[in-house]
1. Across region 183-197, what is the total count of residues that are under 20 Å from the mean Cα position of the chain (by Cα) and of a type in the set (D, E, K, R)?
2. Residue by residue through region 128-175, note down the ones that are under 26 Å from PRO246 (Cα atoms), surrounded by fewer than 21 Cβ atoms within 10 Å (Cβ to Cβ) and among the hydroxyl-bearing types (Ser, Thr, Tyr).
3. Which one is nearest to GLU198 (Cα to Cα) among residues in region 217-243 that are of a type in the set (Lys, Arg) and not in a strand (DSSP E or B)?
4. Looking at region 198-216, which of its residues are more than 23 Å from the chain's Cα centre (by Cα) and within 20 Å of PRO105 (Cα to Cα)?
5. If a residue must be in a helix (DSSP H, G or I), of a type outside the set (S, T, N, Q) and either over 19 Å from GLY147 (Cα atoms) or in contact (Cβ under 8 Å) with a residue 40 or more places away in the chain (or both), how many such residues does region 166-193 contain?
6. Among TRP229, TRP215, which is farther than 28 Å from GLU81 by Cβ, surrounded by 20 or more Cβ atoms within 10 Å (Cβ to Cβ), out of contact with any Phe, Trp or Tyr (no Cβ under 8 Å at 6 or more places or on another chain) and not aliphatic (A, V, I, L, M)?
7. Consider LEU45 carefully, then state whether it is among the aliphatic types (A, V, I, L, M) and within 19 Å of the chain's Cα centre (by Cα).
Amino acid sequence: AQTREDVLNPGLLTKLASSSMMSEGMAESMEQLRAMPVYFFYTLLLPYNQGGMTVYESFEGAGYDWARIDALFAKPPETTEQVLHPEKLKSGEGFASVAVATRPPLPEAAAAAWTSDPPDRLGELLVRILLIEEGLDERTAISAASGWNGDQIRVWHDASGQLAFDWTIAWDDAKSRQEFVSHLPALLRAQRGESLGELTAFDPAAPKATHAFTWTDSQGRTRHGRVDWSARELHWTDGWPSAPQPAPAG
């Protein structure tokens, strides 16, 4: 998988800018891409860069039969995973159906104060971007997100503007889940900074675990979160005014 440095390598840009292959204006545009926030870089460039490579690999694999291109237009990739990994598009690998809570993980009276947006799927690409934006090296983030096999997230909000979420991610195998979990403590510290309370040691190799934590928001309110996992699934709920309790999934 290509990182920003692979696509916009400074040395390569310098060479191209000094040759007839790239105009001065194009070189300047490429440098601006290098300075672009990670989210915009990947979401803007992916369809042109990785998408083009995926289409070409499909075309080449079909013996340069244009019917294959027609088939891609008729049935485009379902997930960013299929674009990032052309072999998964070729094999028709889909994604696992996972569930998130249908009500806040709070006592009934407190739960009534929260409403949710419709559940959504983030996909492998946004998992990768999340890890990069929180400080993980790009190649490490690419590897950690590559075992994605499906997810669903639901965002909740109350009248005061507090936000909380419930997120379940399925992984291809236990090793993929372990790799992601190994980066979670650093991710939480990067997100919450000094406001994060004591975090018990994570053991990614544990087949099942639960970790609760607290942090303080910008208004001085204590917020609560919990991460738990099984062999091939991880559940992360966060942002609540009290410790999250198990909630019915659906």
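1. Count: 2.
2. SER160
3. Initially, region 217-243 is screened for residues of a type in the set (Lys, Arg), giving 221, 223, 226, 232.
Restricting the remaining residues to those that are not in a strand (DSSP E or B) gives 221, 232.
Values: ARG221: 16, ARG232: 26 Å.
If we take residues in region 217-243 being of a type in the set (Lys, Arg) and not in a strand (DSSP E or B), then ARG221 is nearest to GLU198 (Cα to Cα).
4. THR216
5. From region 166-193, those in a helix (DSSP H, G or I) are 174-193; that's our starting set.
In the following step, the residues that additionally are of a type outside the set (S, T, N, Q) were identified as 174-175, 177, 179-181, 183-190, 192-193.
Now narrow it down to the ones that are either over 19 Å from GLY147 (Cα atoms) or in contact (Cβ under 8 Å) with a residue 40 or more places away in the chain (or both): 174, 177, 180-181, 183-184, 186-190, 192-193.
Within region 166-193, residues that are in a helix (DSSP H, G or I), of a type outside the set (S, T, N, Q) and either over 19 Å from GLY147 (Cα atoms) or in contact (Cβ under 8 Å) with a residue 40 or more places away in the chain (or both) number 13.
6. Details: TRP229 fails: farther than 28 Å from GLU81 by Cβ.
That would be TRP215, the only listed residue that is farther than 28 Å from GLU81 by Cβ, surrounded by 20 or more Cβ atoms within 10 Å (Cβ to Cβ), out of contact with any Phe, Trp or Tyr (no Cβ under 8 Å at 6 or more places or on another chain) and not aliphatic (A, V, I, L, M).
7. Details: among the aliphatic types (A, V, I, L, M): yes; within 19 Å of the chain's Cα centre (by Cα): yes.
So LEU45 passes the test.
Here is a yes/no grid of residues against (1) modelled with pLDDT of 95 or more; (2) on the phi > 0 side of the Ramachandran plot; (3) among the charged types (D, E, K, R):
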residue: LEU72; (1), (2), (3): no, no, no
residue: LYS90; (1), (2), (3): no, no, yes
residue: ASP137; (1), (2), (3): no, no, yes
residue: THR140; (1), (2), (3): no, no, no
residue: ALA144; (1), (2), (3): yes, no, no
residue: GLY147; (1), (2), (3): yes, no, no
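The values are calculated or read from the model by the stated rules, or taken from the named source; none is laboratory data. Just so we're clear, the structure is a prediction, and the values are computed from it rather than from any experiment. Methodologically, a virtual Cβ is constructed for each residue, glycine included, from the backbone with ideal geometry; neighbour enumeration extends over all protein chains shown.
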